[in-house]
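Here's the structure we're looking at; comments come further down.
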Amino acid sequence: MKDFLKYVFATVVGLGLAMLLFFVVCFVSLIGMTASEGTTMPVKKGSVLRINLNGVINERAMQDDPLTLLMYNGEMPLGLDQLLSAIDEAALNDKVKGIYIEVGSGFAGATPAMLQELRQALLKYKESGKWILAYGDIYSQSAYYLTSLADQVVVNPKGIVDWHGLGSVPMFFTDMMQKLGVKMQVFKVGTFKSAVEPFINTEMSEPNRLQVSAYLGSVWHQMLNEVGESRGLSVDQLNALADTLTAMHPTEFLVESGLVDTLAYIDGFKEMLRQRLQLGEKKDIYFVTPADLVAAASQKSEKNRVAVYYAYGDIVDQMPDTPLSMGEMYIETMPTIRELQKLRKDKSVKAVVIRVNSGGGSAFASEQIWHEVQLLKAEKPVVVSMGGLAASGGYYISCGANKIVAEPSTLTGSIGIFGMIPDATELITQKLALHFDVVKTNKHSDFGAPALFGALARPFTAEESRLMQAEIERGYDLFISRVADGRGISKDSVDAIGQGRVWTGEQAIGLGLVDELGNLEDAIAEAAKLAQLGTYSVDTYPAPVDIFEQLLNQQTESYFDARMKAAFGEFYPMLGTMQMMMQPKRIDQCVYARMPFELKVW
């Protein structure tokens with residue numbers, strides 16, 4: 001017996017030591033991988049900046065992180081901030097001879113405004129006299145729009161250029177919910193506030209169809225003009241090509257039509273690069289990444305600073321604790337307020353640019369952030385730079401700034417409020433055979449009591465519905481008051497262009513919703529001008545999360561999130577939004593300032 005216990009004890013100790021050793025080896029390996037990921041290549045004479053268009057473009061670059069790299073199958077999302085900085089440095093750095101844009105078949109792109117800003121940076125780079133070459137097997141429409149300005153657009157002889165126009169295809173859940181025994185109790189203000197339509201309609205309302213047609217037309221018109229100018233093609237020619245569905249034509253047609261310059265396999269394209277660089281046959285082309293160039297850029301440090309604060313993602317009272325929200329970006333009330341307070345108290349920060357890329361979210365959270373922006377504005381200039389989206393709650397937090405700068409294709413406005421609370425009484429009582437009872441001291445004591453899946457234990461009474469609608473109307477009145485005060489126009493004028501309607505930046509400037517068209521660089525220059533700064537440096541906030549904090553706190557969630565995204569694909573954002581709206585919460589947290597439900601444009 002003693003020998004048996006001794007062997008058992010030895011086995012347990014051995015397994016424990018083996019597991020400890022395994023953990024140490026893995027941890028050391030992760031540190032090594034992190035260190036290697038964090039290194040950058042030096043910029044040598046004759047370098048070529050290679051921009052690999054694959055995956056998606058986020059507002060900010062992600063931190064070098066081996067687990068995240070594995071999570072994204074070796075293809076980290078691109079950061080718009082890093083790409084813009086790298087392109088600026090490529091124009092200034094004498095060691096960089098040109099830019100090679102490598103179009104990946106999996107390029108999902110970004111919002112039209114983000115692509116527009118990146119395209120503007122590439123056009124400005126070309127003013128330096130340096131070249132841009134683009135090559136790919138499959139050009140999505142987003143990729144082609146971005147690369148059409150290249151000195152040479154080259155496609156694989158058996159490749160594809162997909163040029164087909166813009167479309168939006170919303171999904172409607174109403175009949176499915178009816179089969180499940182769930183109906184949505186909706187309260188809203190705004191003829192065009194269409195975020196609720198997927199839950200109460202089976203097709204788009206006429207006002208929604210009107211606004212979608214208007215902003216698709218605006219964005220497409222901009223794309224046609226910009227691509228046409230780069231390729232020497234008229235708007236009519238490009239529209240005619242879109243109607244032919246270019247992805248279904250042989251590549252020779254692409255050359256004949258003027259969409260691309262030539263056809264080549266990758267080895268032939270590399271020979272074109274060598275000729276540009278005047279390299280011998282045996283000499284390798286030296287590529288650098290955007291991260292390499294950003295690391296090589298000289299960072300000036302001035303006494304006066306302009307702070308750029310990034311606010312992107314859904315606006316929420318508190319970070320959702322749900323599987324479908326893991327790894328997503330949010331504008332959370334208290335962390336955002338604390339960061340803005342720090343910038344307000346920092347005497348070296350003379351002006352603040354708030355970079356907004358949000359379709360909105362919680363109306364209450366939007367009001368709290370708006371208030372903090374006003375406190376900040378009282379002490380130093382505040383300029384808003386609108387990215388892809390600055391709509392509904394995203395516009396709410398922007399409207400009080402000293403100046404608003406938007407891209408022509410930014411989606412903004414959507415000034416409106418709605419509340420949406422699911423009633424699953426039929427599902428619960430008839431299909432699941434569950435029943436609830438109640439004991440209460442007053443007639444509304446059980447108002448908003450959650451039962452299942454975030455649905456209520458009972459539907460609203462007529463009186464409760466009236467009170468809820470009145471609350472929504474008060475929220476809308478407050479929203480248009482904030483806009484009227486911030487923009488210096490009457491409430492009636494705001495109401496006329498509000499009602500939940502979405503506008504592009506190009507349309508919004510004529511309505512007084514934005515001050516000028518431009519990009520982040522223009523917004524920074526405007527902030528410095530308002531602060532009367534001669535020289536200044538630019539710092540970005542909030543600070544990136546430390547790599548070890550990510551490893552300890554976030555990576556399991558992020559990995560799970562990535563797998564869910566891979567499984568659900570295009571349905572993923574819709575599922576996440578549905579879960580966020582339907583999870584149990586207080587009734588006052590069911591009031592939203594959101595733009596149309598998960599707008600999909602391609």
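Odds and ends about this structure:
- Gyration tensor (alpha-carbon) shape descriptor, region 187-309, a/c threshold 1.5: oblate
- Backbone amide hydrogens, once placed in the peptide plane, bring K188 within less than 5 Å of G419, excluding anything fewer than 5 places away on its chain.
- Dipole of region 84-224 [Lys/Arg +1, Asp/Glu -1 at C-beta], most positive-end residue of G159, N93, Y215: Y215
- Cross-link partners for K380 among the lysines, with Cα-Cα distance under 23 Å and sequence neighbours closer than 8 places in the same chain left out: K300, K303, K342, K345, K347, K350, K403, K529.
- Of all lysines in the structure, those lying under 23 Å Cα to Cα from K97, and not within fewer than 8 positions of it along the same chain, are K44, K45, K124, K126, K130, K270, K282, K283.
- Global form of region 269-317, assessed from the alpha-carbon gyration tensor, a/c cut-off 1.5: oblate
- For R355, residues with placed amide H under 5 Å, excluding near neighbours: Y309, Y310, A311, S385
- For the pair region 181-201 / region 344-420, the C-alpha centres are spaced 25 Å from each other.
- Separation of alpha-carbon centers, region 513-532 and region 230-260, rounded to whole Å: 37
- Whole-Å distance, taken between Cα centres, linking region 424-493 and region 112-157: 48
- Protection proxy ranking of 226-233, 458-465, 398-405, by the mean of other Cβ atoms within 10 Å over each peptide's residues and highest first, is 398-405, 226-233, 458-465.
- When the Cα gyration tensor is reduced to axis lengths a ≥ b ≥ c, the ratio a/c is 1.5 or higher for region 385-447, and with a/b above b/c it is classed as prolate.
- Our coupling estimate for region 271-281, obtained by passing each phi through the Karplus curve with A = 6.51, B = -1.76, C = 1.60 and θ = phi - 60°, is 5, 4, 4, 4, 5, 4, 8, 6, 9, x, 4 Hz, Gly and Pro reported as x.
- Most to least packed among 247-254, 209-216 [average Cβ atoms within 10 Å]: 209-216, 247-254
- Net charge of the neighbourhood of S148, taken over other residues with C-beta under 10 Å away and scored Lys/Arg +1, Asp/Glu -1, is 0.
Any read-out appearing in this document is the output of simple, stated calculations on the displayed coordinates, not a laboratory observation. None of the values given here were measured: they were computed from a predicted structure. Cβ: placed from backbone, ideal geometry, glycine included. Neighbour counts: every protein chain shown.
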